[in-house]
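Asks: Pasting a structure here, questions to come.
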């Protein structure tokens, strides 16, 4: 089928493009999000091709690694999909998902693009930000940015604007309170909520053990 060919070409493109990427935003992250999205989509009425392509291309050029430029990822995805002669409506939908699905964009005020497909891919991505893998990714990125593990004198900021969130250099532990622990209640789908519950509890258990060891 043509859809399977496009998905396979996209997988090859993403693997090549993300070769050598930071460990929390590499091909294996994308692969996990792709699998999460497929699992969630089974219980939702969605365009499965849009979900597949958006989940595969959602981090093709993460702004964190492009000087904060949020236009790069959507542009790269759009150029690739057009080169594969993907339909205009599908391309536009995928590009809009990539533009609007991130947590930091939820901090903006005003009307945003939304669709059932976006909700599925967003849940899939957020699932990979929590639980054991989410913890590993968080500390991997904190190390990449040379951030403190924890500083009791720097408290989490729960009222950041989008720009403040993007520019934050707070200790890694703060990120749990500023994002990760908030995600369970921001899931869009029933499947996402069910999968998030166990991962959320794992993070709470981890933090309890972390503070116990820190304060010993």
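Asks: Being more than 24 Å from residue 201 (Cβ to Cβ) and modelled with pLDDT of 95 or more narrows it down to one of 164, 153, so name that one.
Replies: 153
Asks: Residue pairs, Cβ under 6 Å, 6 or more apart or interchain, first in the range 13-37 and within 19 Å of residue 133 (Cα to Cα), second modelled with pLDDT under 95 and buried (at least 22 other Cβ atoms within 10 Å of the Cβ). List them.
Replies: As it stands, the answer is 25/59; 30/59, since those pairs meet every condition given.
Asks: Determine if the range 111-121 includes at least one residue that is surrounded by fewer than 19 Cβ atoms within 10 Å (Cβ to Cβ) and modelled with pLDDT of 95 or more.
Replies: yes
Asks: Next question. Run residue 103 past the list (1) surrounded by 14 or more Cβ atoms within 10 Å (Cβ to Cβ); (2) without any contact (Cβ under 8 Å) to a residue 60 or more places away in the chain; (3) closer than 19 Å to residue 186 by Cα and report the number of the one that doesn't hold.
Replies: So the condition that residue 103 fails would be (2).
Asks: Do you know which residues across the range 159-170 are farther than 21 Å from residue 100 by Cα and surrounded by fewer than 17 Cβ atoms within 10 Å (Cβ to Cβ)?
Replies: Correct list: 169 only.
Asks: Also, quick follow-up: In the range 64-110, how many residues are part of a helix (DSSP H, G or I) and at pLDDT below 80?
Replies: 6
The values are calculated or read from the model by the stated rules, or taken from the named source; none is laboratory data. Every value quoted in this text rests on a predicted model; they were computed, and no experiment measured them. Positions of Cβ are generated from backbone atoms using ideal geometry, with glycine treated the same way; all protein chains shown enter the neighbour counts.
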